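J.: Just passing along the structure, written as structure tokens.
Just so it is clear, none of the values below were taken in a lab; they were calculated from the coordinates. Here the structure is a predicted model, which means the values were calculated and not measured. All Cβ positions, glycine included, derive from the backbone under ideal geometry; neighbour counts span all protein chains shown.
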Amino acid sequence: MTEKNVVQTIHDTLQEEMQADDRVLVLGEDVGARGGVFRVTAGFLEEFGEMRVIDTPLAESSIVGVAIGMAMHGLLPVAEIQFADFIHPAFDQIVSEAARIRYRSNGDWSCPMVIRAPWGGGVHGALYHSQSIEAFYGHVPGIKVVVPSTPYDAKGMLRAAIRDPDPVLYLEHKKTYRLIKGKVPDEPYEVPIGVADVKREGEDLTVVTYGLMLHLCLEAAERLQQEEGLSAEVVDVRTIAPLDKATILDSVRKTAKAMVVYEDNRTYGAGAEIAATIAEELMFELDGPIVRFGGPDIPAMPFATPLEHQYMPDTGRIYEKMRELARF
Amino acid sequence: MATRVKESRARHRRLDLSDDDLLAMYRMMVTARLCDEAQFRLNRQGKAPFVVPVSGHEGCQVATAWALRRGHDYFVPYYRDMAVCLTAGLTPHDVFLGVFGKRDDPSSGGRQMPAHWSARRLNIVTGSSPIATQIPHAAGIAYAIKYRGADAVVASWFGDGATSEGDWHEGLNFSGIHRLPVVWVCENNRYAISVPLSKQMAVEHVSERASAYGFPGETVDGNDVLACHEAMKRAVDRARNGDGPTLLECMTYRFHPHTSDDDDRTYRSREEVEEAKRNDPILLFGNHLKQQGLLDDERVEALRAECKTLVDQEVDRAWNAPDPEPESVMRHVFAETGAEDGDEDLESHGTEAVPAEPPRADRAEEEEGDGR
């Protein structure tokens, strides 16, 4: 076991995977000499050489498109999109191509690749360095979307993503990179894609969340316990698609109250799907309304501190909503 | 005359094409033309909801695809490339399984529209309808080939309209930077559906764009089979020898509307189309073979009749082939674990073995033996 932050864990895991299998290579903007703007691939160029650490032209569509071709010829590319906000030029390659190659060829071809992208706000990234993109891709069958939020999950899910026979969008919340630390086993292991995790057990309500919000929800749950004696169960979905409905529903069945917290724009976000699933399955077992807490429906997160804070759900507001629902 | 014939024959011999190769190429072109005529007939009969014509493009398609090694090199086509894919190893039966959306359609099992070619066993790479999206894939496959130190070559075909897409630029740029073993083949028929070249680009030739990517570009008469083949062979050799990509532009013409749903009378005159048909590659190549003494009118008719019988048979056979099972709509979203799908034969979407004709498989083995 070693104590690490999220970004160091991703770096180490990717390095281990590349050491173990020479089909794995990385490509993206500034991944070579610079080692990635977040330093995820620091030292890779020296260790693995130019053929496996590809500084691509500044062209996101072909970063994904070229990786698709590599995957179709038996390599296991890990494509880095520098910020999730810049992934939109590659939308067609992800949605119309990567996600459909197996389906449209009736299972003849496949596209085992990973697209890594740092997402999320709270770092003064403003409109174009803060976005949540999981809902766009969670809507698309054929690609898996994962959002690990702890060093332990980051390692296990990156390994699982690289070994997955289908394309995986691996989203890394950039505020968790250095903020969140944890014990990480030194030996290789996988955290299965499509399996949610109960990060905190409780009886009075269920909070379903992911990303940076997981950590805020855990803080709020702790405060709720101490100040009110109410216990919240916190479910980390970890995978946006395919969603682990069973774990979510089991928890809500137990507590009879559900709240969904996410930082994406509230409307049509992943939380909407989670809330709808709970409503569909557990309507008559609920003791309160399903609460959805997300970002406001403005185009994207602003830069100035008061504006950014106003956008992001924070521990205080999450706590208030949790308490209100628990007492309902 | 005799001298001309001799020179001309020397020309195809220099290209390592035997007389039999030329006849097989001609037969392939005629087969594609007849498949096209049959699929349009089926469309008008209401038996085929949507078809994509190839007529007019057979010359440059067969000539360029012929320079690759079947089952070894990679074919990354677009929807107009029926003759490319027949040359790569699909059969007329496969074509009509696709036209009718049948279960055993090798391209997609009836999931995609017809003409969205694919067959992994033949290295025909699955494509979509959005234009030029296959270009970065071809670059990625070529990168993987280089990475593995393999000697395969990738060729990707596209129309003139594709060259306006960002993906086209990004893919060619990437291939130039890494000197990848890929040949980019533009089938320039002067129209992207209705939009003429003059509204697609401000330069005269697509091939001029190659200089921006640091590799050679060449424009050839796309209706001259030997010229196309010669240029393609040069490009394939360059790619296989590690000298990087080539952009080859074949000037040709599409005789039919863009698809069965298009009406080309709205954007080009009948006179223009009729004029273009005077340069029909099948006509020109047939004349060449007659000059060589390899064909005469009678043999042309006999060959056409033979191919037509075959195509008609394959239409009937494909029409009577099984449809996809409705429940199969849920399959292949993600990899299947196998056990729970025991009632389905995972291999059932394949086609028959690679057909013997044209005589390319033998040649591929010889080439493999030459230690390159």
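J.: By counting other Cβ atoms within 10 Å of each Cβ, how are A:His129, B:His137 ranked from fewest to most?
T.: A:His129, B:His137
J.: What's the Cα-based Rg to Rh of chain B, Rh via Kirkwood?
T.: In chain B, Rg relative to Rh is 0.95.
J.: Compute the Kirkwood hydrodynamic radius of chain A, taking the inverse of the mean of 1/r over all pairs of distinct Cα atoms, and give it in Å to one decimal.
T.: 20.0 Å
J.: Tell me the relative contact order for segment A:209-328 as a rounded percent, counting alpha carbon contacts under 8 Å between residues six or more apart.
T.: 31 percent
J.: Whole-Hz ³J(HN,Hα) for each residue in segment A:286-303, computed from phi via Karplus 6.51 cos²θ - 1.76 cosθ + 1.60 with θ = phi - 60°, x for glycine and proline: what do you get?
T.: Once θ is set to phi - 60°, the couplings for segment A:286-303 become 8, 9, x, x, 6, 9, 10, 10, x, x, x, 7, 10, x, 6, 6, x, 8 Hz.
J.: Rounded to whole Hz and in sequence order, give me ³J(HN,Hα) for segment B:136-142 from the Karplus expression 6.51 cos²θ - 1.76 cosθ + 1.60, θ = phi - 60°, writing x for Gly and Pro.
T.: x, 4, 4, 5, x, 5, 5
J.: Okay, moving on. Would you work out which of A:Tyr311, B:Gly242, B:Ala83 lies farthest towards the positive end of the dipole of the protein assembly as shown, given +1 charges on the beta-carbon of Lys and Arg and -1 on that of Asp and Glu, about the Cα centre?
T.: It is B:Gly242.
J.: May I pose another question? Averaged over B:159-170, how many beta carbons belonging to a partner chain fall within 10 Å of each residue's beta carbon?
T.: Mean partner shielding for this stretch: 3.
J.: Explain nothing, just compute: Karplus ³J(HN,Hα) = 6.51 cos²θ - 1.76 cosθ + 1.60, θ = phi - 60°, for every residue of segment A:190-205 in order, whole Hz, x for Gly and Pro.
T.: Coupling constants for segment A:190-205: 10, 9, x, 6, x, 10, 7, 9, 7, 8, 8, 8, x, 10, 8, 6 Hz.
J.: Can you list the lysines whose alpha carbon sits under 24 Å from that of B:Lys308, skipping same-chain ones fewer than 8 residues off?
T.: B:Lys47, B:Lys102, B:Lys277, B:Lys290
J.: Shifting gears a bit: Taking a ≥ b ≥ c as the square roots of the eigenvalues of the Cα gyration tensor of segment A:2-184, is the shape rounded (a/c under 1.5), prolate (a/b larger than b/c) or oblate?
T.: Rounded is the answer for segment A:2-184, as its axis ratio a/c remains below 1.5.
J.: Right, another one. Assuming 0.890 mPa s and 25 °C, estimate D for the protein assembly as shown with Stokes-Einstein, Rh taken as the Kirkwood radius over Cα pairs, in µm²/s.
T.: 89 µm²/s
J.: First check a/c for segment A:105-203, with a ≥ b ≥ c the square roots of the eigenvalues of its C-alpha gyration tensor; if it is under 1.5, answer rounded, and if not, answer prolate when a/b is larger than b/c or oblate otherwise. All intermediate terms of the calculation are to be shown ahead of the outcome.
T.: Working: a/c = 1.77, a/b = 1.20, b/c = 1.47.
Verdict is oblate for segment A:105-203.
J.: I've got another one for you. How would you classify segment A:252-328 from its alpha-carbon gyration tensor, with a ≥ b ≥ c the square roots of the eigenvalues: rounded for a/c under 1.5, else prolate if a/b is greater than b/c, otherwise oblate?
T.: Working: a/c = 3.96, a/b = 1.76, b/c = 2.26.
Note, shape of segment A:252-328 comes out oblate.
J.: Shifting gears a bit: Which percent, to the nearest 5, of DSSP beta bridges fully inside the protein assembly as shown are antiparallel?
T.: About 20 percent, rounded to the nearest 5.
J.: Still on this structure: Enumerate the amide H contacts of B:Tyr74 below 5 Å, restricted to partners 5 or more residues apart or on another chain; note that Pro and chain-start residues carry no placed amide H.
T.: Amide H neighbours of B:Tyr74, under 5 Å, 5+ apart: B:Val153, B:Val154, B:Ala155.
J.: Right, here's the next one. Under 5 Å between amide H atoms, partner at least 5 residues away or on a different chain: which partners does A:Lys199 have, H built in plane at 1.01 Å?
T.: Answer set, sorted by chain and number: A:Val234, A:Val235, A:Asp236.
J.: So who's got an amide H within less than 5 Å of the one on A:Leu25, skipping anything under 5 residues away but keeping other chains? H placed 1.01 Å off N, in plane.
T.: Under 5 Å from the amide H of A:Leu25 lie the amide H atoms of A:Leu76, A:Val78, each far enough along the sequence or on another chain.
J.: Can you give the % of DSSP beta bridges in segment B:83-234 that are antiparallel, to the nearest 5?
T.: 35 percent
J.: Based on alpha-carbon centroids, what's the gap between segment B:38-81 and segment B:244-273 in Å, whole number please?
T.: After rounding, the separation between the Cα centres reads 14 Å.
J.: Could you line up B:Ser207, B:Ser156, B:Ser118, A:Ser149 from fewest to most neighbouring Cβ atoms inside 10 Å? Spell out each step's value before the answer.
T.: Details: B:Ser207 22, B:Ser156 33, B:Ser118 25, A:Ser149 28.
If I rank by nearby Cβ atoms, fewest first, I get B:Ser207, B:Ser118, A:Ser149, B:Ser156.
J.: May I ask which of A:Lys144/B:Lys233; A:Lys155/A:Lys245; B:Lys146/B:Lys199; A:Lys4/A:Lys199 have a Cα-Cα span longer than 30 Å here? List each step's numbers first, then the result.
T.: On the way: A:Lys144/B:Lys233 42 Å; A:Lys155/A:Lys245 23 Å; B:Lys146/B:Lys199 37 Å; A:Lys4/A:Lys199 18 Å.
Long pairs (Cα-Cα over 30 Å): A:Lys144/B:Lys233; B:Lys146/B:Lys199.
J.: Considering only DSSP beta bridges with both partners in chain B, what is the antiparallel share in %, to the nearest 5?
T.: Beta bridges within chain B, antiparallel portion: roughly 10 percent.
J.: Have a look at B:Phe285, B:Pro326, B:His72 and report the one farthest towards the positive end of the charge dipole of chain B, computed about the Cα centre with Cβ charges (Lys/Arg +1, Asp/Glu -1).
T.: Value computed over the given set: B:Phe285.
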